[in-house]
Amino acid sequence: MAAILAVTGVGPATNGGPAEGVMAALKLSRPDDPLSVEALEREIAVFDALCTSPGEPPCPRLFDVILSPSPGLVMEWCPLDLERWWEARHGRPEAMPELFEALASVCRRVREYAVVSEIELGRRVVHADIKPRNVLLNASGRWLLTDFGAAKSRSVEEEGWDATRMIIGTENYIAPETLFNARKSHPAAMDTWSIGCTLFALLRVRTLLRGGGRMPANGTHGFHFRTHRAGLVNDLQLRRPTLFADRDLDTSAFLSPDRLPDKDRSAIAESLGGLYANPHLEARLVADVTNLLDRALQIDPARRYTDPIEMAGDLEALASRARELAVRADGGPTGPRGSTPAVGPPAPKGSAPRSVRRRLSRLWLLGGGVVALGGVGLLLLVGVGAVWWALRRPPSDLAPAAVVAPAPLPLPPSAPAVPLDPPVKSNAEAPDLSARAPRGSGVLLVVGGEAYVVGPKGRRGTGTLPEGSYELFARVDGAFVSQGSTEVVEGETTTWHCGFGTCREDE
């Protein structure tokens, strides 16, 4: 529906770039296609809002807009998309945890996109077309979202998400409620479904390429990379397209709605085969990945990840788990074929092979154990002999012993008490933020009633918060990212630590 061309900047930079000789991407709509023109006009508005807000945008930077003869935009050139990146890296030992981390970044970009759109455009949005080719890696190594032409939105004042008769998206990645034009009571779950489908598709890419196959021309758009679950959903929609129109999905109409079908589970296990050359460790990672996808691909949106930040946390935990299992596998910290040992510096030149060193270590341990047991036995014999000799002595030899109370141990000097909570300023010392905390502002840190508040455009202030519900934000990559909400209760001390996209409460 649109063409993307590589262009080179000519003359001095405008709007931050591109400068002369710098590569940029030119995205043009097709003048003969009204849908293409309409989609790109929506996308230009989104790009403009995302790129003019404070912090790093979740999309490529916008350099310029073309209005004639048809809409177009000039944006930051990103050398790789997620599909091509994975095609090149899937065989490397460190690739699997890096994939989980990349998808965690996608989750964070989705949330940033929603937060900025609500503040700048007054609209709540979902991307609705997340797939490997719509995730880009820029020159500085930051994962970004692109192609917002299929995005769905509603104004902040509206309660429900209207169904649309026009379904724009990619078949392998469309959530069931979108496909059926059903109610969207948990809109963010449409995107977390697509991210789960993206992970599954890239696992299937690994299976294909390890088996000697080649990527098809249409990439991961082919049915080979679709979950079996999505195939069943599509089949039902083709047979009964209006089954859930304008109402909630009825999960009883779907096969095993709470658990991935066996074909999908087998495909996940197959894709992770040979990762560690250790079936036991591979089975543990298979279970972790399957559990995550079981939740991401629930038929009922309410049982999926309804907050992309929560999914990001689980993907990051999965990356840590993959690295931990790689360390336990024989071969190095990044996988079974790593060139450096898992723990400690490289062995000195001329040292014995690892297997020989292990056998020697076992012999030393065995020998040490025998010596220790012998020592314990000798002590027992000496003790028994002493008791036997004391019992054989005549009573006249035994003089009553004086009972001496042990001297009390000196006590260390008392240490000053350490307060469990940071000092709290009184309400008289801190300004009241009730007038400066508008709707949509967020609490970055709450300590005993004192808070830092993030308002529109990233403005901050300190003071005492009134009772109520506030949305938590953390600063991630220069932007404020929503982390959920918290309740502030009068007289209650609450400490929130936010950073790197996660928040936790200390009681």
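Computed quantities for the displayed model
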item	result
Region 100-117 - phi-based ³J(HN,Hα) in whole Hz, Karplus 6.51/-1.76/1.60, Gly and Pro as x	4, 5, 4, 5, 5, 5, 4, 4, 5, 5, 4, 5, 4, 4, 5, 5, 5, 4
D_trans [Stokes-Einstein, Kirkwood Rh over alpha-carbon pairs] for region 181-332, 20 °C, 1.002 mPa s, µm² s⁻¹	128 µm²/s
Distant-in-sequence amide H partners of residue 59 (H built 1.01 Å from N, under 5 Å)	145
Karplus 3J(HN,Hα) series, Hz, for region 236-242 with 6.51 cos²θ - 1.76 cosθ + 1.60 (x for Gly, Pro)	5, 5, 5, 7, 9, x, 9
Radius 14 Å from Cβ of residue 272, net charge of other residues (Lys, Arg +1; Asp, Glu -1)	+2
³J(HN,Hα), Karplus 6.51/-1.76/1.60, whole Hz, each residue of region 203-216, x for Gly, Pro	5, 5, 4, 4, 4, 4, 6, 5, x, x, x, 10, 5, x
Protection proxy ranking of 205-217, 109-121, 51-63 - average other beta-carbon atoms within 10 Å, highest first	109-121, 51-63, 205-217
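Every read-out reported here was derived from the displayed coordinates using simple, explicitly stated rules and does not represent laboratory data. This one's a predicted model, so the numbers in the text were calculated from it and none came from an experiment. So basically every Cβ, Gly included, is an ideal-geometry build from the backbone, and we count neighbours across all protein chains shown.
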